[in-house]
Each structure stands twice: as structure tokens, then as C-alpha cells.
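Every number in this text was worked out from the coordinates using simple rules, so none of it is lab data. What you see is a predicted model, and the numbers here were worked out from it, not measured in a lab. FYI the Cβ positions are ideal-geometry reconstructions off the backbone, even for glycines, and counts take in every protein chain you see.
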Amino acid sequence: MKQIILRLKIFFTGSIWRKRIFFSLIGALVGFAYYYYVGCRSGACPISSNP
């Protein structure tokens, strides 16, 4: 476990772009998983609903 934490620290201290790309990919995966498993069946989603 300590080796994994050490590798992550080394990975993230290199460049700000690594962080941005990494967390953008994580956010995209989480967003897609929410869309796929939960979805918006009622039409009351905050992103796609009309005011």
C-alpha cells in the first residue's frame, strides 16, 4: 500500500496537466456510469430539463 501511495505522489508532483487529465477521465467515467445505471427516465433531470 505504501508503494502505491508513493507512486501516486510521484505521478502527481510532475505536472498540473497530469492531474487535470486524470481527474477529467475519472469524472467522465463517473458521469457515464451515472447515466448508464441511473439515467433520467422521468424527464426531470437538471441537465436536460426545460424550465
**Complete:** Scoring only Lys, Arg, Asp and Glu (+1, +1, -1, -1) among other residues with Cβ under 14 Å from the Cβ of Leu25 yields +3
**Item:** HN-Hα J in Hz across the range 21-37 - Karplus 6.51, -1.76, 1.60, θ = phi - 60°, x for Gly and Pro
**Value:** 5, 4, 6, 5, 5, 4, x, 5, 5, 5, x, 5, 5, 5, 4, 6, 8
**Prompt:** Under a plain spin-label model, where a point goes 7 Å from the Cα along Cα-to-Cβ, how far apart in nm are Phe22 and Tyr35?
**Reply:** 2.5
